[in-house]
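Asks: My questions will all concern the structure given below.
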Amino acid sequence: MSSKSRGLLFIISAASGTGKTTLAERLVQILPNLRMSRSYTSRAARAGERAGVDYNFVSRSHFEGMIERQEFLEWADVFGNLYGTCRPDTEALLASGQDVVLVIDVQGARQVTATGIDRTAIFVLPPSFQILERRLRGRSADSEAAMQRRLAAARAEAGAYVDYDYVVINDRLEPTVVRLQEIIAAERSRTHRMSLIAEEIIRSFEK
Ligand code: 5GP
């Protein structure tokens with residue numbers, strides 16, 4: 001019975017270089033009922049990215065058509081490319097009882113919140129700006145201009161953590177994954193989400 005109830009929607013946001021995608025990928029490996037939403041984007045696939053796996057890659061005009069038809073739960077222009085979460089895809093997953101995690105930027109998270117949909121928003125912070133910069137420079141083949149843009153966005157958006165339900169510091173990967181699992185477990189245990197199963201158990205107490 002409880003397995004057929006509507007899934008939970010989680011949002012994870014963080015500056016690029018914080019490790020949010022790696023964290024979300026680890027979570028869906030560990031938690032069988034959790035799925036990562038596949039975003040649509042107008043940007044070109046990078047080497048090694050697979051269409052329909054990492055993203056649904058579409059043309060800018062296709063993306064704009066989806067905006068017009070109101071097919072996005074949220075969408076945003078991030079560094080000049082359009083990214084969005086398909087509303088029907090997300091709705092179908094939630095309705096089938098799957099929990100869903102959206103790895104989206106702060107603009108997108110604000111839009112999801114504004115719809116009033118039941119969601120749990122988690123902001124991931126690096127241990128410090130200096131560590132973020134070191135991680136970004138270590139992993140990325142970005143130009144210096146692109147690097148400066150990412151760092152400026154990180155500075156501008158870090159304060160948005162106050163609008164989230166949870167804040168997690170990604171110091172080391174595995175303890176952070178455990179912390180995220182604990183948040184998900186806590187959300188699943190909220191009284192209003194447990195009421196169906198709790199009522200069934202309570203009935204067994206009756207004479
Ligand atoms: P990248 O191009 O490096 O894959 O992603 C750039 C940024 O876009 C990341 O901060 C990522 O979280 C954000 N992003 C990816 N998909 C979506 C989405 O569907 N909606 C929004 N609002 N942001 C997204």
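Asks: Looking at this structure, is Tyr83 hydroxyl-bearing (Ser, Thr, Tyr), over 18 Å from Leu34 (Cα atoms) and near the ligand (Cβ under 8 Å from one of its atoms)?
Replies: Here the answer is yes, as Tyr83 does meet what is asked.
Asks: Hey, could you check the range 124-145 for residues that are within 12 Å of the ligand (Cβ to nearest atom) and in contact (Cβ under 8 Å) with a residue 60 or more places away in the chain and say which is most open to solvent (accessible area, probe 1.4 Å)?
Replies: So, considering only residues that are within 12 Å of the ligand (Cβ to nearest atom) and in contact (Cβ under 8 Å) with a residue 60 or more places away in the chain, the one most open to solvent (accessible area, probe 1.4 Å) is Arg139.
Asks: Could we say that Ala51 is closer than 30 Å to Arg137 by Cβ, of a type in the set (A, V, I, L, M), within 11 Å of the ligand (Cβ to nearest atom) and in contact with a strand residue (DSSP E or B) (Cβ under 9 Å, 6 or more places away or on another chain) here?
Replies: When the stated conditions are applied, Ala51 does not pass them.
Asks: With a cut-off of at least 1 residues that are β-branched (Val, Ile, Thr) and crowded, with 20+ Cβ neighbours inside 10 Å, name the strands (runs of 3 or more DSSP E) lying wholly within the range 1-109.
Replies: By residue number, 9-13, 81-86, 99-103.
Asks: Scanning for something open to solvent by less than 50 Å² (accessible area, probe 1.4 Å), within 20 Å of Thr18 (Cβ to Cβ) and out of contact with any strand residue (DSSP E or B) (no Cβ under 9 Å at 6 or more places or on another chain), does the range 176-187 turn up at least one residue?
Replies: Scanning the range 176-187, I find at least one residue that is open to solvent by less than 50 Å² (accessible area, probe 1.4 Å), within 20 Å of Thr18 (Cβ to Cβ) and out of contact with any strand residue (DSSP E or B) (no Cβ under 9 Å at 6 or more places or on another chain), so the answer is yes.
Asks: Something else now. Quick check on Ile183: is it farther than 23 Å from Leu82 by Cβ, in a helix (DSSP H, G or I), modelled with pLDDT of 95 or more and in contact with a Ser or Thr (Cβ under 8 Å, 6 or more places away or on another chain)?
Replies: Answer is yes for this residue.
The values are calculated or read from the model by the stated rules, or taken from the named source; none is laboratory data. Keep in mind the model is a prediction, meaning the values are calculated, not measured. In this analysis, Cβ positions are derived from the backbone assuming ideal geometry, glycine residues included, and neighbour counts consider all displayed protein chains. Calculation scope for accessible area: heavy atoms of the full protein, side chains included, ligands and nucleic acids excluded. Shrake-Rupley method; radii C 1.70, N 1.55, O 1.52, S 1.80 Å.
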